[in-house]
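Each reported figure results from applying straightforward, stated rules to the coordinates on display, with no laboratory input. What you see is a predicted model; the values in this text were computed from it and never measured. Because the Cβ atoms are built from the backbone with ideal geometry, glycine has one as well, and the counts that use them run over all protein chains shown.
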Amino acid sequence: MATFYDSISPDLQEWIEAQHIFFVASAPLSAEGHVNLSPKGLDCFRVLGPNRVAYLDLTGSGNETSAHLAENGRITFMFCSFDKAPRITRLFGRGETTLPGDAAWAELAGHFPAGYAGVRQIISADIYQAQTSCGFAVPFMQFAGERDTLLRASAAKGEEGMAQYQREKNSVSVDGLPTPLASHL
């Protein structure tokens, strides 16, 4: 049975921070547009307060979340427990993209580890509702470690190569929506 909350309690925050993976979902307003659901790892998610979260977004093959947030702001985060007690948590919110050089960048970036290659933006969200549910069908899985493939690939591209990649792959969504990053490249 699902339980809904108006904010992220300290015990829920502790549980969220113990998870090794989270998922981000967003969608355009168009019924023909693609719903995006992305898995995220590394030490990139932070609960900033009872109704505020953020994650450090590394350069990937697309930039759907940022495009969707620019269009309509809707975002959902999901966390699953793959060990110990079963649990699923969803955070429903309104989000925004902060780019390097934006006024809020220094304050937000200070919450994350420095030195990750390929950092492109920070996604933050005001959370209006949290939901927990049982997770009884989520399988047991053992955490073996973080992958460093994305970080190594980003570092190998260097600054110029990364900027070129972002221009080619991260300026518009698969549905043609512009991303905030497009105006900074």
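Pair-distance distribution P(r) for the chain, from all Cα-Cα distances in 5 Å bins starting at 0: 1, 8, 16, 19, 21, 17, 11, 6, 2, 0 percent.
Site pair Arg167 and Asp11 shows an inter-label distance of 5.3 nm when each label is modelled 7 Å from Cα along Cα→Cβ.
With the Cα gyration tensor of the stretch 83-185 giving a ≥ b ≥ c as the square roots of its eigenvalues, does the rule (a/c under 1.5 for rounded; else a/b larger than b/c for prolate; else oblate) give rounded, prolate or oblate? Verdict is prolate for the stretch 83-185. Subtracting the Cα-Cα distance of His20 and Glu146 from 0.36 nm times their residue separation leaves 44.5 nm of extension gain. Within the shell defined by Cβ-Cβ distances under 15 Å, the residues around Lys84 carry a net charge of -3, with Lys and Arg each +1 and Asp and Glu each -1. A simple rule links phi to the HN-Hα coupling: the Karplus curve 6.51 cos²θ - 1.76 cosθ + 1.60 with θ = phi - 60°, which for the stretch 105-118 gives 4, 4, 5, 5, 4, x, 7, 10, x, 8, x, 5, 6, x Hz, with x for Gly and Pro. Seen against the Cα atoms of the chain and their longest principal axis, helix 149-169 is set at about 50 degrees. What separates the Cα centres of the stretch 136-185 and the stretch 46-76 is a distance of 13 Å. Put simply, the amide H of Gln129, placed in the peptide plane, has neighbours under 5 Å in Phe92, leaving out anything fewer than 5 places away on its chain. For a paramagnetic label modelled on Glu160 (point 7 Å from Cα along Cα→Cβ), amide N atoms under 20 Å away belong, within the stretch 90-128, to 117-119.
Taking the chain as a Gaussian network of alpha-carbon nodes connected by springs under 10 Å, the highest mean-square fluctuation of the residues Asn72, Asn63, Asn170 belongs to Asn72. GNM remark for the chain: springs join alpha carbons under 10 Å apart, and the peak mean-square fluctuation among Thr97, Thr149, Thr65 falls on Thr149.
A straight Cα-to-Cα reach below 17 Å connects Lys169 with the lysines Lys157, residues fewer than 8 places away in its own chain not being considered.
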